[in-house]
Amino acid sequence: MTARSILITGCSSGIGRDAALRLHALGWNVFAAVRDPADCAALAEAGLTALHLDYEDTASIDAALAQVSALTGGQLDALFNNGAYAIPAPLEDVPTDALRTLFEANFFGWHHLTRAALPMLRASGGRLVQCSSVLGFIPAKWRGAYVASKYALEGYTDTLRLELADTPVRVVLLQPGPIATAFRSNAIKQFERWIDWEASPRAAQYRDSLLDQLYKGSGGNKFELPASSVTDALLRALNDRRPRARYRITTPTHMMAVARRVLPTRVLDWLCAKA
């Protein structure tokens, strides 16, 4: 039997890398895509087919998918859209160009890849799995750019699920909460690229607390899970005969989903402001 094939993005580290290695070990034909071509070598050494794919570069998306098609004879059984970054700052301090760039990486590039992959997924009766976040349905201060992109992804994916219901393609959202990855270190790079905090009306607040939150973190998170917990949910999304619309990962995601349903907005705002 021909091995099932999957394209996974954001495989340099964290969620994408763990998923790629686990599925490869389980016999999947894994195409592991990375933003930085320099990261391809390490994945190739692990036995994966490594591809360069940058969500901000549509030419790289098209080239990567063309490679997948050429190597599989047009067979793609699953696409796992993963890999996004944050620009941690109050929204009033996020330049519009920064937000545009983030949406290119966190949303528009995903749309471009999804549209291009759908003919192959239709042919195989495949699965489209989108890595969202607890911040795809719950807001958080100082993370507005990322929150906005994930809210957009949730609405996009819900609509796509309805539109593809008359096809063999199944569309699934994963909603992780705190996961042990390099997410914060990547966010620091974006903060330093885009945010002129000294010119902000909140400059004193940055000095008093926000910079420490960003650079030092808030200590250990007792609810944080390893990236393998997301791979566990991905495997269910790929293998369940009738996959759920959403797989929630980590205790905070489950708790906030309940809070979203039952709490008045004013109370939910208070709770989110304390997080």
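The values are calculated or read from the model by the stated rules, or taken from the named source; none is laboratory data. This one's a predicted model, so the numbers in the text were calculated from it and none came from an experiment. Every residue, glycine among them, receives a Cβ derived from its backbone with ideal geometry; neighbour counts consider all protein chains shown.
Things to note:
- Taken as a whole, the stretch 189-208 holds no residue that is of a type in the set (A, V, I, L, M, F, W, C) and farther than 17 Å from residue 93 by Cα.
- A single entry from 227, 199 fulfils the requirement of being buried (at least 16 other Cβ atoms within 10 Å of the Cβ) and of a type in the set (Gly, Ala, Ser): 227.
- Of residues in the stretch 184-221 being among the basic types (Lys, Arg) and out of contact with any helix residue (DSSP H, G or I) (no Cβ under 9 Å at 6 or more places or on another chain), the one modelled with the highest pLDDT: 189
- Selected residue [farther than 21 Å from residue 274 by Cα and in contact with an Asp or Glu (Cβ under 8 Å, 6 or more places away or on another chain)] from 229, 200: 200
- Scanning the stretch 44-67 for residues that are under 19 Å from residue 183 (Cβ atoms) and modelled with pLDDT under 95 turns up nothing.
- Exclusive hit being part of a helix (DSSP H, G or I) and either over 13 Å from the mean Cα position of the chain (by Cα) or farther than 22 Å from residue 230 by Cβ (or both), set 135, 121: 121
- Qualifying residue in the stretch 19-37 (condition: modelled with pLDDT of 95 or more, at positive phi, outside any helix (DSSP H, G or I) and touching a Lys or Arg at 6+ places or on another chain (Cβ under 9 Å)): yes
- Residue count for the stretch 137-186, restricted to those that are touching a Phe, Trp or Tyr at 6+ places or on another chain (Cβ under 6 Å), closer than 22 Å to residue 222 by Cα and buried (at least 20 other Cβ atoms within 10 Å of the Cβ): 1
Rundown of residues vs (1) in a loop (DSSP other than H, G, I, E, B); (2) charged (D, E, K, R); (3) within 29 Å of residue 191 (Cα to Cα); (4) in contact with a strand residue (DSSP E or B) (Cβ under 6 Å, 6 or more places away or on another chain), yes/no style:
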| position | (1), (2), (3), (4) |
| --- | --- |
| 63 | no, no, no, no |
| 68 | no, no, no, yes |
| 80 | no, no, yes, yes |
| 87 | yes, no, yes, no |
| 98 | no, no, yes, no |
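Each row is one residue, and each column tells you yes or no for (1) in contact with a strand residue (DSSP E or B) (Cβ under 8 Å, 6 or more places away or on another chain); (2) among the hydroxyl-bearing types (Ser, Thr, Tyr); (3) at positive phi.
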{"position": "177", "(1), (2), (3)": "yes, no, no"}
{"position": "181", "(1), (2), (3)": "no, yes, no"}
{"position": "187", "(1), (2), (3)": "no, no, no"}
{"position": "190", "(1), (2), (3)": "no, no, no"}
{"position": "195", "(1), (2), (3)": "yes, no, no"}
{"position": "198", "(1), (2), (3)": "no, no, no"}
{"position": "202", "(1), (2), (3)": "no, no, no"}
{"position": "212", "(1), (2), (3)": "no, no, no"}
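- A single entry from 16, 47 fulfils the requirement of being buried (at least 20 other Cβ atoms within 10 Å of the Cβ) and either in a helix (DSSP H, G or I) or on the phi > 0 side of the Ramachandran plot (or both): 16.
- If you go through the stretch 73-118 and keep only what is of a type in the set (Ser, Thr, Tyr) and under 14 Å from the mean Cα position of the chain (by Cα), you end up with 85, 114.
- Counting only helices (runs of 4 or more DSSP H) that fall entirely inside the stretch 193-275 and contain at least 2 residues that are over 21 Å from the mean Cα position of the chain (by Cα) and either without any contact (Cβ under 8 Å) to a residue 24 or more places away in the chain or under 30 Å from residue 165 (Cα atoms) (or both), the qualifying elements are 211-216, 251-262, 265-274.
- The condition (being buried (at least 18 other Cβ atoms within 10 Å of the Cβ) and touching a residue at least 24 places away in the same chain (Cβ under 8 Å)) is satisfied by just one residue among 104, 92: 104.
- Of all the criteria given as (1) farther than 30 Å from residue 134 by Cβ; (2) touching a helix residue (DSSP H, G or I) at 6+ places or on another chain (Cβ under 7 Å); (3) aliphatic (A, V, I, L, M), the one not satisfied by residue 19 is (1).
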